[in-house]
Amino acid sequence: MYKLCFYVPESHLDDVKKAVFGAGGGRIGAYDSCCWQALGQGQFRPLEGSQPYLGQVGQLERVAEWKVELVVADELIHDVVKALKRAHPYETPAFEVWRLSDMVF
């Protein structure tokens, strides 16, 4: 299993979550659409050659963004990341993928 974490502006929060859930992310046992999210502030500066969704080339931009975390089954991680990238408004969305250990008790 993997843990996927991504950052998204509020304007696209529901659309991106719907896309990753639709691709199979966020399933835990007999539940789906599971995630944890928190509001924070991101920052970036678009460089020459970029086509930013927000901000202007060469200027530092700060924006309210949601951090969303969810689990993804091994066999679905590639499809879920592809769905995230397709639904996300940013040219280069920030995300992390972590491999999780399987704990047996």
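The values are calculated or read from the model by the stated rules, or taken from the named source; none is laboratory data. Fair warning: this is a prediction, and the values are worked out from it, not measured in the lab. Every residue, glycine among them, receives a Cβ derived from its backbone with ideal geometry; neighbour counts consider all protein chains shown.
Out of everything in the stretch 69-84 that is loosely packed, with under 15 Cβ neighbours inside 10 Å and of a type outside the set (Gly, Ala, Ser), what residue ends up being nearest to the chain's Cα centre (by Cα)?
Once the filter is applied, the top-ranked residue is 82.
Hey, among 38, 30, which residue is within 12 Å of residue 69 (Cα to Cα), of a type in the set (Gly, Ala, Ser) and either modelled with pLDDT under 95 or loosely packed, with under 13 Cβ neighbours inside 10 Å (or both)?
38
Kindly establish whether residue 66 is loosely packed, with under 15 Cβ neighbours inside 10 Å, in a strand (DSSP E or B), touching a residue at least 40 places away in the same chain (Cβ under 8 Å) and not basic (Lys, Arg).
Spelling it out, it is not the case that residue 66 is loosely packed, with under 15 Cβ neighbours inside 10 Å, in a strand (DSSP E or B), touching a residue at least 40 places away in the same chain (Cβ under 8 Å) and not basic (Lys, Arg).
Can you name the number of the only condition in (1) within 11 Å of the chain's Cα centre (by Cα); (2) of a type in the set (Lys, Arg); (3) part of a strand (DSSP E or B) that residue 17 fails?
The failed condition is (3).
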